[in-house]
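Enquirer: After the structure tokens below, expect a handful of questions from me.
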Amino acid sequence: MMLRRELLAAMTGLGVASALAAGGSPLAAEDAKIPAIAGPDPATKTPSYKAPPGSVDTHTHIFGPAATYPFSPTRPYTPPDAPLETFRALHEKIGVERAVIVNATVHGTDNRVVTDAIAQSNGNYKGVANVNAAMSDADLAALGKAGICACRFPFLRRLGGVGDMKVFRTLVDRVAAIGWHVDIYLEAGTIQEFVPILKALPVTYVIDHMGTISAAKGIDDAEFKALLDLQASDDKCWVKITGPERASASGPPFHDAVPFAKKLIDNAPDRVIWGTDWPHPNVKIMPNDGDLVDLIPLYAPDPAIQRKLLVSNPERLFKFAPKA
Ligand SMILES: [Zn+2]
């Protein structure tokens, strides 16, 4: 297990860390050195599973178009454009009408790509923003008014990490004061280190991608057990049932990730939410979103639990108007 001081030492002043620190100067990244990543599978399959009305895809991204929404010069990777029209077509195809757009590190703390999409969604989209300590309370309030319900903290070295836990905690307190929750993206293998930090938070937190667990380690792995214990013992802890393609060792259709998702859902059925993670930045194997939808009834065979996972839980967490 990585010691906390080693983890924090690894998260030195790059990317998000520089964006988070008040007055931190952005690195002068050269575009040519930023790795390009693959786009999503454009041939989305029509899933066999029909999601209930009002279902929410709670983890998605929109990239650009870069001509309208320029990517951050300090971004950790460069994706192909994945604009709002393609995003809408994806959801049309998989039969999901509502979504939460999580601003990716590619757009830095410019959240317009998210708030502009929300503004055109007729109440069907909400957002998770990237914020930093330099933002004023009025900036945060304006984001809240535009449909942002949370902000994201990616504790990932490849996304720049977070260098200063005091800055993190101050930001958490500030967003908690305006009714947001926080979205936590952990580096694989660090859940145990984060348990005391997360338990001490004054606000609801959502752990992305099932805690970035690895299916190859098995259901009895200490990391996964730590996640289950945290989820069971802390009512503030929610888990996103996303990223089976990230957890899987067996490849499509990622059935080796199903027991993990199932266990997390059974463990706290009122504090789990589902998402595609379209357009799937930085995955080793690109999933087909139709296949991901068809995993839902394997995760949660009971329609009443499916409704919690897809409709009532995200409605409550992201403050969507309930669907009649
Ligand atoms: Zn994502």
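Enquirer: Need pairs with beta-carbon distance below 8 Å; first residue closer than 25 Å to P79 by Cα and assigned to a strand (DSSP E or B) and within segment 41-61, second within 16 Å of the ligand (Cβ to nearest atom) and among the polar types (S, T, N, Q); sequence gap 6+ or separate chains.
Expert: Listed by first residue and then by second, the contacts come to D57/T276; T58/T242; H59/T242; H59/T276; T60/T276.
Enquirer: For segment 164-201: of the residues being small (G, A, S) and part of a loop (DSSP other than H, G, I, E, B), which is farthest from L140 (Cα to Cα)?
Expert: Result: G189.
Enquirer: Is it the case that some residue within segment 64-81 is acidic (D, E), away from the ligand (no atom under 15 Å from the Cβ), within 24 Å of L310 (Cα to Cα) and at pLDDT 95 or above?
Expert: no
Enquirer: A further question on this structure: If I filter segment 264-280 down to residues being more than 16 Å from the ligand (Cβ to nearest atom) and surrounded by 17 or more Cβ atoms within 10 Å (Cβ to Cβ), which single residue comes out as nearest to D57 (Cα to Cα)?
Expert: Out of the qualifying residues, it is V272.
Enquirer: May I ask you to verify whether A134 is assigned to a helix (DSSP H, G or I), over 19 Å from the mean Cα position of the chain (by Cα) and not polar (S, T, N, Q)?
Expert: no
Enquirer: Now a separate question. Tell me the residue from G189, G108, G144 that is under 20 Å from K236 (Cβ atoms), out of contact with any strand residue (DSSP E or B) (no Cβ under 7 Å at 6 or more places or on another chain) and in contact (Cβ under 8 Å) with a residue 24 or more places away in the chain, please.
Expert: Unique residue meeting the criteria: G144.
Enquirer: If you don't mind, there's one more thing I want to ask. Using beta carbons and a limit of 6 Å, which pairs, at least six apart or on different chains, have the first residue in segment 125-136 and closer than 12 Å to R174 by Cα and the second one modelled with pLDDT of 95 or more and crowded, with 24+ Cβ neighbours inside 10 Å?
Expert: Filtered contacts from segment 125-136: V131/C151.
Enquirer: OK, next. Test V283 against the stated conditions and say whether it is in contact (Cβ under 8 Å) with a residue 12 or more places away in the chain and either more than 16 Å from the ligand (Cβ to nearest atom) or touching a strand residue (DSSP E or B) at 6+ places or on another chain (Cβ under 7 Å) (or both).
Expert: No.
Enquirer: Here is a follow-up. Out of V167, V182, V239, V206, I need the residue that is on the phi < 0 side of the Ramachandran plot and surrounded by fewer than 21 Cβ atoms within 10 Å (Cβ to Cβ). Which one?
Expert: That would be V167, the only listed residue that is on the phi < 0 side of the Ramachandran plot and surrounded by fewer than 21 Cβ atoms within 10 Å (Cβ to Cβ).
Enquirer: Kindly indicate the residue of segment 102-131 that is assigned to a helix (DSSP H, G or I) and within 15 Å of the ligand (Cβ to nearest atom) and also nearest to the chain's Cα centre (by Cα) among those meeting that condition.
Expert: Filtering segment 102-131 for residues that are assigned to a helix (DSSP H, G or I) and within 15 Å of the ligand (Cβ to nearest atom), the one nearest to the chain's Cα centre (by Cα) comes out as T105.
Enquirer: Would you mind telling me which numbered condition in (1) more than 16 Å from the ligand (Cβ to nearest atom); (2) within 13 Å of the chain's Cα centre (by Cα) L298 fails?
Expert: For L298, the failing item is (2).
Enquirer: Name the single residue, out of those in segment 212-235 being touching a Phe, Trp or Tyr at 6+ places or on another chain (Cβ under 7 Å) and surrounded by 17 or more Cβ atoms within 10 Å (Cβ to Cβ), that is nearest to R152 (Cα to Cα).
Expert: Per the stated criteria, the residue is I213.
Enquirer: Additional query: Search segment 83-101 for residues being under 19 Å from the mean Cα position of the chain (by Cα) and of a type in the set (K, R), and hand back the single one that is surrounded by the most Cβ atoms within 10 Å (Cβ to Cβ).
Expert: Per the stated criteria, the residue is R98.
Enquirer: If you scan segment 244-297, which residues turn out to be of a type in the set (V, I, T) and more than 26 Å from T105 (Cα to Cα)?
Expert: Correct list: V258, I265, I296.
Enquirer: Inside segment 203-237, can you point out the residues that are hydrophobic (A, V, I, L, M, F, W, C) and more than 16 Å from the ligand (Cβ to nearest atom)?
Expert: V203, A215, A216, I219, A222, F224, A226, L227, L228, L230, A232, C237
Enquirer: Looking only at segment 32-63, count every residue that is among the small types (G, A, S) and within 15 Å of the ligand (Cβ to nearest atom) and tell me the total.
Expert: Final tally of qualifying residues: 2.
Enquirer: Among the residues of segment 175-193, count how many are closer than 15 Å to D229 by Cβ, of a type in the set (A, V, I, L, M, F, W, C) and over 17 Å from the mean Cα position of the chain (by Cα).
Expert: Summing the residues that are closer than 15 Å to D229 by Cβ, of a type in the set (A, V, I, L, M, F, W, C) and over 17 Å from the mean Cα position of the chain (by Cα) in segment 175-193 gives 0.
The values are calculated or read from the model by the stated rules, or taken from the named source; none is laboratory data. On a predicted model such as this, the values are computed, not experimentally measured, just so you know. All Cβ positions, even for glycine, are placed from backbone atoms using ideal geometry, and neighbour counts span all protein chains on display.
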